[in-house]
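Below: one structure, written as structure tokens.
Laboratory data are not the source of any read-out in this text; all were calculated from the coordinates shown. For clarity, every value in this text was computed on a predicted model and none was experimentally measured. Quick reminder, even Gly has a Cβ in these numbers, built from the backbone with ideal geometry, and neighbours come from all protein chains shown.
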Number of protein chains: 2
Amino acid sequence: MHYLPVRIAGLGWYLPDHTVTSAELAGRIGVAPGLIERATGVVERRYAAGETSAGMAAAAARMALEHAGLGVGELDAIIGASTAPQQVVPCTAALIQRELGAPEGRSVCFDINATCLSFMLALHTAAQFIAAGVYRRVLIVSSEIVSPSLNPNEWESAALFGDAAAAAVLTAAAPGQASAICQARFATYSSGAELTQCVGGGTLHHPNDPATTREMNMFAMQGPAIFRHALRTMRPFADEFFAELGWEREDVAAVVPHQASRHAIEQLSDRLGFRPAQVWSNLRERGNCVAASIPLALAEAVHAGRIRRGDRVLLIGTGAGLTLGALALVF
Amino acid sequence: MHYLPVRIAGLGWYLPDHTVTSAELAGRIGVAPGLIERATGVVERRYAAGETSAGMAAAAARMALEHAGLGVGELDAIIGASTAPQQVVPCTAALIQRELGAPEGRSVCFDINATCLSFMLALHTAAQFIAAGVYRRVLIVSSEIVSPSLNPNEWESAALFGDAAAAAVLTAAAPGQASAICQARFATYSSGAELTQCVGGGTLHHPNDPATTREMNMFAMQGPAIFRHALRTMRPFADEFFAELGWEREDVAAVVPHQASRHAIEQLSDRLGFRPAQVWSNLRERGNCVAASIPLALAEAVHAGRIRRGDRVLLIGTGAGLTLGALALVF
């Protein structure tokens, strides 16, 4: 066990006002009524309409800071933990510092990207810095505007995603507080790198290259292949994680999975040994919000009273890479 | 002091074959012969021609692993530390795992981005994980293909940059080894966020948005304003850093700065208190290689014998954000 005496002091989120129902989307992309809901489990999702990544991030961050009872001037580090940046340069975290009005020179800003698991990696990283005494208060923000990258010709993945931002403020646990990160484990299986891709937006297919097509700048997902990969690798991964951790499945008050898809979430109870009642899902109303998915689900579960101080919580999921991740914490 | 008993066990790099001289570039972008050399200090730089970011990264990583005497199967984590990814999804580190042939499931892959300071941030992060015993061997790779993003209408910044990859393998220091990271300090001044920008490639100006222009997908730098900002902030930042560190300027065997520009490097001796002989520069032959600049300069200095085991080394620089960084290590 690599026990880290840290505490998620506050959580917040931002959802764009613009709601797109699956009925509306079905009409727009030309699939039968009810098919999207049955196939993906998503009834509605939000699409940004004029918001920026950093603006959404700052709104989520303000809610998290208020929840934590901390001021914007008390942050030592701001970690952007999203898939797509607002712009290539500078990193999104610097734009969040500016948007928040956090005093400049007071915090360091950098981004961590592991696609859907960015928040979990950033949380584990921030916890190292806090446990070592390097930083005292770290803001982690995942802010995703994925809607312009959805391919209407791939309706099943297009219908799955939504836009959102979510933020967490991490501090040291005070003496007597049970809060901690108890264990984290990540593993990347790059034979699955092509299963979830957006091949554009970087150096391989530069936006100014005349050979770059519109499709290259859109998400492409091989859902069934990802699902088969995860079926094969997730069970032994989770078993090893729980063996290291020393908890039983039943000890977990809330499992907060990446809201990858209805099938992925159902596997937690069908194959990974959890009861359905342990698993928290917001997929129906939010869709898969990429990196914002896990912190948004966690924030909503905490603010809804489903997760309370002292509860044992498991964050778990798969992300493009293909990367598996699990992180156990006492909230 | 936040002393971390870690060791840069190996360093490597990859340079594209294709060399572009400043004389050639002057003809191409229509400026007077000799002007680029005088203004920027760059005589030649490399441009990728067919290489990919992950391919360059893997070549640099192989050299670093050989230097460290480690096999590709011994890595616990791979951190991509570049400004621009190869593609938006998945993270570049996962593509590096695949390109290297590193055994999948054995390592976790994620990217850290703080533009020109990405390597320093990744080094400090990797050191936390190693010092805490979470990972034992971490590969950090910065791989930059910036040439397609240069704006020929802004010749002074266009002439400054070059393409390169550089890698480091970080391990724990063995008993009796003096190697360590002794102190690191970073601070972001986001009032300078607009001074170095590439506003495209992300959610703000999506590549598929018809309103996105070619210029938005190119680097834009306000060189003189960055220089003035750094003049104002870098001296107190460095003074506080050395006060915390407890070293004198004279104790440093080699200062390895970000190769931002000739003027930026000259300031280290003109204003920051170092002798010109302490400062290592490869700007003349490499240009500013963005995030790859610092690890490439460090790797070249070590392989040239300019930095030896036990030497005190300072990594220092500014990056877009605007972020200042300093990291002191015993090599």
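Note down the relative contact order for segment B:205-331 as a percent, whole number, built from C-alpha pairs under 8 angstrom at least six residues apart.
Computed value for segment B:205-331: 25 percent relative contact order.
If R0 is 56 Å, what FRET efficiency do you get for B:His18 and A:Ala32 from their C-beta distance, rounded to 0.05?
On the way: r = 53 Å, r/R0 = 0.95.
Taking R0 as 56 Å, the efficiency between B:His18 and A:Ala32 is 0.55.
Anyone know which of A:Leu117, A:Leu204, A:Leu95 comes out most mobile in the 10 Å Cα GNM of chain A?
A:Leu204
At most 16 other C-beta atoms within 10 Å and a DSSP loop state: those are the exposed GluC sites (Glu not before Pro) I care about. Give me the longest piece of chain A that has none.
My reading of the result: A:1-193 is the longest stretch.
Treating the beta-carbon of each Lys and Arg as +1 and of each Asp and Glu as -1, no other charges, what is the dipole magnitude of segment B:6-172 about its Cα centre, to the nearest 20 debye?
380
Output, in nm with one decimal and in ascending order, the distances from the B:Gly71 label point to the matching label points of the other copies (7 Å from Cα along Cα-to-Cβ).
Between copies, matching label points for B:Gly71 lie 5.7 nm apart.
I need the inter-copy label distances for A:Arg28: point set 7 Å along Cα to C-beta, values in nm with one decimal, smallest first.
The projected label point of A:Arg28 is separated from its counterparts by 4.2 nm.
Toward the positive end of the charge dipole of the protein assembly as shown, about the Cα centre and with charges on Cβ (Lys, Arg +1; Asp, Glu -1), which of B:Ala49, A:Ile226, B:Val146 goes farthest?
Going by the charge dipole, the pick is A:Ile226.
Take each complete run of DSSP H in chain A, measure how far its Cα atoms stretch along the helix's own axis, and keep only those covering 20 Å or more with mean Kyte-Doolittle hydropathy at least -0.5; list them.
Within chain A the helices that satisfy the rule are A:53-68, A:223-245.
Hey, in the GNM for chain B with a 10 angstrom Cα cutoff, which one of B:Ala39, B:Ala77, B:Ala238 fluctuates hardest?
B:Ala39
Using every Cα-Cα pair within segment A:73-221, state what percent have a distance larger than 23 Å. Don't jump to the answer; show the numbers that get you there.
Numbers: 5111 of 11026 pairs.
Of all Cα-Cα pairs in segment A:73-221, 46 percent lie more than 23 Å apart.
Between A:His205, A:Thr171, A:Gly71, whose Cα lies farthest towards the positive end of the dipole of chain A when Lys and Arg beta carbons carry +1 and Asp and Glu beta carbons carry -1, centred on the Cα centre?
Comparing the listed Cα positions along the dipole, A:Thr171 ranks first.
Taking only C-alpha pairs under 8 Å that are 6+ residues apart, what is the relative contact order of chain B in percent?
24
Let's see if you can work this out: charge +1 on each Lys and Arg Cβ, -1 on each Asp and Glu Cβ, no other charges. What is the dipole magnitude of chain B about its Cα centre, in debye to the nearest 20?
In total the dipole reaches around 500 debye.
Rounded, prolate or oblate for chain B? Axes are the square roots of the Cα gyration tensor eigenvalues, ordered a ≥ b ≥ c, and the cut-off for rounded is a/c under 1.5.
Because a/c hits 1.5 or more and a/b fails to exceed b/c, chain B counts as oblate.
If you average the C-alpha positions of segment A:132-194 and of segment B:268-292 separately, how far apart do those two centres end up, in angstrom?
When both Cα centres are located, 37 Å separates them.
Got the relative contact order for segment B:6-172 handy, in percent, Cα pairs under 8 Å and 6 or more residues apart?
Working: 370 pairs, mean separation 56.8, N = 167.
Reported relative contact order: 34 percent.
What are the label-to-label distances in nm, one decimal and shortest first, from B:Asp239 to the same spot in the other copies, with labels 7 Å along Cα to Cβ?
Those separations, rounded to one decimal, come out as 6.2 nm.
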